[in-house]
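What follows is a single structure, written as structure tokens, with notes after it.
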Amino acid sequence: MLKIDNLHAEIDGKEILKGLTLNVGAGEVHAIMGPNGAGKSTLSYVLAGRTGYEVTAGSVTFDGQDLLALAPHERAAAGVFLGLQYPVEIPGVSNLMFLRTALNAQRVQRSEKEASGAEFMKLVKAAAGELGLPYEMLKRSVNQGFSGGEKKRNEMVQMAVLEPKLAVLDETDSGLDIDALRVVSDGINRMRSPDRATLLITHYQRLLDYVVPDFVHVLVDGRIVRTGGAELAHVLERDGYVSIAA
Ligand code: ADP
Ligand code: MG
Ligand code: MG
């Protein structure tokens, strides 16, 4: 589904990704772990097409298409969802307005019928209910004044409504207490299906107790330096990244 080959990318002329290669098949959950500053968030931004990130070499293919040739909104319509490490606040735009606009923009881009008000409300209420986000919060401005845990739940609501093929989740577990971690993990697990894939970027092994990945990759200094199964996360937790990078 996702083929990243020898990806090099820079920000402000500084090379961050230095030949990253990664293949993610449909139905798979891949965890990317690595020390601070390794380039994990940069990878997620490059996949989403954020401005300021320049790809200088390599390729990214998604469902057979050249992902890097698509504009950010086209990537979203193709089914790529990015969950941010630091979800943005959008004052003056309600969650409901934001989500409905995003959902219908995707549908228009895919030449599908837009969701009616009733269909949309059904979708969003179901998602909020499953993820334990009070419906009242959906009427508030996007993430404004939300706690860290509420922002992450809200991202999972967005994901559940938009039903991406590929979810790239950057440190979705950061700042979560145990209850919120469970809810968010359930949200990720619920999205698991043979035709979807997830790239879970995380510092800590803790999340991977709840969302057991098929593969774990270690990203150090812009490259994947090691790949293993779920057990690799436990090795990292015990020995740290230094042992791997050495
Ligand atoms: P990680 O998510 O693995 O902690 P990041 O992708 O956020 O790492 O950052 C990778 C490297 O890129 C870090 O050294 C960081 O300081 C650097 N970096 C990030 N953003 C910028 C920027 N706008 N300009 C210059 N360097 C940056
Ligand atoms: Mg970081
Ligand atoms: Mg990061």
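Observations
- Considering region 144-175, the residues that are surrounded by fewer than 20 Cβ atoms within 10 Å (Cβ to Cβ) and either of a type in the set (Phe, Trp, Tyr) or part of a loop (DSSP other than H, G, I, E, B) (or both) include one that is nearest to ligand 3 (Cβ to nearest atom), namely SER174.
- Selection within region 44-53 - touching a strand residue (DSSP E or B) at 6+ places or on another chain (Cβ under 9 Å) and either loosely packed, with under 14 Cβ neighbours inside 10 Å or hydrophobic (A, V, I, L, M, F, W, C) (or both): VAL46, LEU47, ALA48, GLY52
- Out of ASN6, ASN23, ASN36, one residue alone is surrounded by fewer than 19 Cβ atoms within 10 Å (Cβ to Cβ), without any contact (Cβ under 8 Å) to a residue 60 or more places away in the chain and either under 17 Å from the mean Cα position of the chain (by Cα) or under 19 Å from LEU169 (Cβ atoms) (or both). It is ASN23.
- Number of positions in region 189-209 that are without any contact (Cβ under 8 Å) to a residue 60 or more places away in the chain and farther than 20 Å from LEU236 by Cα: 2
- From SER116, SER141, residue being over 19 Å from the mean Cα position of the chain (by Cα), more than 20 Å from VAL211 (Cα to Cα) and touching a residue at least 40 places away in the same chain (Cβ under 8 Å): SER141
Listed here are the residues, each with its yes/no results for (1) of a type in the set (Gly, Ala, Ser); (2) more than 10 Å from ligand 1 (Cβ to nearest atom).
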residue: ILE11; (1), (2): no, no
residue: LYS18; (1), (2): no, yes
residue: LEU22; (1), (2): no, yes
residue: ILE32; (1), (2): no, no
residue: GLY64; (1), (2): yes, yes
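- Residues that are more than 16 Å from ligand 3 (Cβ to nearest atom) and at pLDDT below 95 number at least 3 in the following helices (runs of 4 or more DSSP H) confined to region 23-126: 72-78, 95-109.
- Qualifying residue in region 207-216 (condition: within 16 Å of ligand 1 (Cβ to nearest atom) and touching a helix residue (DSSP H, G or I) at 6+ places or on another chain (Cβ under 6 Å)): yes
- Contact annotation: residue pairs with Cβ atoms under 9 Å, 6 or more positions apart or on different chains, pairing a residue in region 221-246 that is surrounded by 14 or more Cβ atoms within 10 Å (Cβ to Cβ) and modelled with pLDDT of 90 or more with a partner that is among the acidic types (Asp, Glu) and part of a helix (DSSP H, G or I), are ALA233/ASP209.
- The residues on offer are LEU207, LEU199, LEU131, and the sole one that is crowded, with 19+ Cβ neighbours inside 10 Å and in contact with a Gly (Cβ under 7 Å, 6 or more places away or on another chain) is LEU131.
- Residue count for region 10-36 satisfying the condition of being touching an Asp or Glu at 6+ places or on another chain (Cβ under 8 Å), over 13 Å from VAL220 (Cα atoms) and within 16 Å of ligand 2 (Cβ to nearest atom): 1.
- Here ASP195 does not fit the description of being touching a helix residue (DSSP H, G or I) at 6+ places or on another chain (Cβ under 6 Å) and in a loop (DSSP other than H, G, I, E, B).
One line per residue, one yes/no per condition, for (1) away from ligand 2 (no atom under 16 Å from the Cβ); (2) at pLDDT 95 or above:
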position	(1), (2)
GLY145	yes, no
MET156	yes, no
GLU171	no, no
SER174	no, no
ASP179	yes, no
SER185	yes, no
ASP214	yes, yes
LEU219	no, yes
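The values are calculated or read from the model by the stated rules, or taken from the named source; none is laboratory data. Here the structure is a predicted model, which is why all the values come from computation and not from measurement. Glycine also receives a Cβ, built like all others from the backbone with ideal geometry; neighbour counts cover every protein chain displayed.
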